[in-house]
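All remarks here apply to the structure that follows.
Nothing in this text is a laboratory measurement; each read-out follows from the coordinates by a stated rule. Note that this is a predicted model, so its numbers are computed, not measured. Cβ atoms come from the backbone with ideal geometry, glycine included; neighbour counts cover every protein chain shown.
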Amino acid sequence: MTLNLCVLTPNRIFWDSKVKEIILSTNSGQIGILPNHAPIATAVDIGILRICLNDQWLTMALIGGFARIGNNEITILVNDAEKGSDIDPQEAQQALEIAEANLRKAEGKRQTIEANLALRRARTRVEAINVIS
Amino acid sequence: MAMAALRREGRRFASLISPRPITAVRSSPLYPTLEDEGPLGLRHISTQVVRNRMKSVKNIQKITKAMKMVAASKLRAIQTKTENSRGLWQPFTALLGDLPSADVKKNVVVTISSDKGLCGGINSTSVKISKGLHKLNSATGPEKETKYVILGEKAKAQLVRDSKKDIELIITELQKNPLNYTQVSVLADEILKNVEYDALRIVFNKFQSVVSFVPTVSTVLSPEIVEREAESGGKLGDLDSYEVEGGETKGEILQNLAEFQFSCTMFNAVLENACSEQGARMSAMDSSSRNAGDMLDRLTLTYNRTRQASITTELIEIISGASALEG
């Protein structure tokens, strides 16, 4: 029994294939989905998604969205997604440092929130690369 | 004397030519009229007038051909984006259902139209449908109200005339920067913040093919209505069977879900409408350049006829003058 995984972003269909297992980060922590899971609808946080394909784990960075799981069909809708293998480690590290610097000098509530979001995004991308290697 | 008479004739026919509509050119009485008039003037229209007209029609044809090419290339660019975004709102419809018949008190009609004109009839159809929705909702009960949110200049021009008090928000110049999701989600955010709603109906033209644009209405329901419909069973009944995780309460998740659904549906609607606009403009400019070509053909015939008539009259004058001298 395999799960049919579909990851969609506004710009394109990001991923569409059968997988054996996925690990998803939600607002309330990470959940693992195996075949024949009960139907759930959940919010997806800015974090990494790991999928098990033919006994090989792949990592992706997801930037917030929703997931619906039912009948061995998983549909994940996110604002943006990047495959771990597509992220350049140097660039991700730099983005992380820039985000941290921005957070430190952010003033006012709005800038702090934005800087926080940027930081989490950068951190997720760095994590996505690190988990593979 | 003769020259003054000719000039008078020329002016008379110049005023006849300019405001003539294209359809009237087809009718045959036109040419006999032009050539019948004026017992005095032998040259009926001067070739100069016809030549000027031909030049302007040729310019129009060039411009419309160029506009068609531009629209075709813009269409190609946007079409791939639209097709990719189509997959986005389908899971929402699968989960939450698209219930255009939901009975709600506060309706908001989001009309999407273009900013620029010369794109055929798509904007008028969208406005007609929006007005129809408005009427439908107010006809079913007095406490129901319908408000408009307008995107695009063309719908604004048409709706401001008779429904000014019902308009909540007007947004124009969407296409200055290439369309992307962040921009549309900011827009969706604005709308959700400022407008109270039970159901949002997005009216746009769906792009079926380069020649067919179907006006469509997508409905997005607010979370309270979704709860209500889910409890009453029917299409949304199996929403309850889903365990909702990832947040404090189910209500909060549904709220976020509804907002996300709205911004995704908006994104798709705006892209589809942009595609339809370019497609409609392409076909409008194409038929316009074809009409200009037809007009040019007819004007060329008139020109040749006029030219030959003037040559003939000159010859007659010379010959009659010569024979008068001899005999």
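Give the calculated FRET efficiency between residue B:214 and residue B:93 to the nearest 0.05, with a Förster radius of 22 Å applied to their Cβ-Cβ distance.
Working: r = 17 Å, r/R0 = 0.76.
With a Förster radius of 22 Å, E is 0.85.
Among the GluC sites (Glu not before Pro) in segment B:109-196, which ones are in a DSSP loop with at most 10 other Cβ atoms within 10 Å of the Cβ? Mind listing them? List each step's numbers first, then the result.
Numbers: sites: B:143, B:145, B:153, B:168, B:173, B:190, B:196; in loops: B:143, B:173, B:196.
Answer by residue number: B:143, B:173.
Distance cut-off 21 Å, Cα to Cα: go down the list B:128/B:164; B:68/B:156; B:165/B:206; B:105/B:131; B:156/B:176; B:131/B:164 and report the pairs above it.
Values: B:128/B:164 15 Å; B:68/B:156 25 Å; B:165/B:206 28 Å; B:105/B:131 17 Å; B:156/B:176 17 Å; B:131/B:164 12 Å.
Listed pairs above 21 Å: B:68/B:156; B:165/B:206.
For segment A:1-71 and segment B:166-186, what is the separation of their Cα centres, given in Å?
About 31 Å separates the Cα centre of segment A:1-71 from the one of segment B:166-186.
When chain A is modelled as a GNM with alpha-carbon springs shorter than 10 Å, which of A:11, A:79, A:71 fluctuates the most?
Top of the fluctuation ranking is A:11.
Run through segment B:244-327 and list the GluC sites (Glu not before Pro) located in a DSSP loop whose Cβ has at most 12 other Cβ atoms within 10 Å. The partial results should precede the final answer.
On the way: sites: B:245, B:248, B:252, B:259, B:272, B:277, B:314, B:317, B:326; in loops: B:248.
When the GluC sites (Glu not before Pro) of segment B:244-327 are filtered for loop state and at most 12 Cβ neighbours within 10 Å, B:248 remain.
For segment A:44-126, which trypsin sites (Lys or Arg not before Pro) are in a loop by DSSP, counting at most 12 other Cβ atoms within 10 Å? Walk me through the intermediate numbers first.
Values: sites: A:50, A:68, A:83, A:104, A:105, A:109, A:110, A:120, A:121, A:123, A:125; in loops: A:105.
Passing both the DSSP loop test and the Cβ count: A:105.
Roughly speaking, what is the stretch gain from residue B:326 to residue B:309, that is 0.36 nm per residue apart minus the C-alpha to C-alpha distance, in nm to one decimal?
In short, 3.6 nm is gained.
Find which of A:112, A:122, A:99 sits farthest along the positive direction of the dipole of segment A:89-131, computed with +1 on the beta-carbon of Lys and Arg, -1 on that of Asp and Glu, about the Cα centre.
A:112
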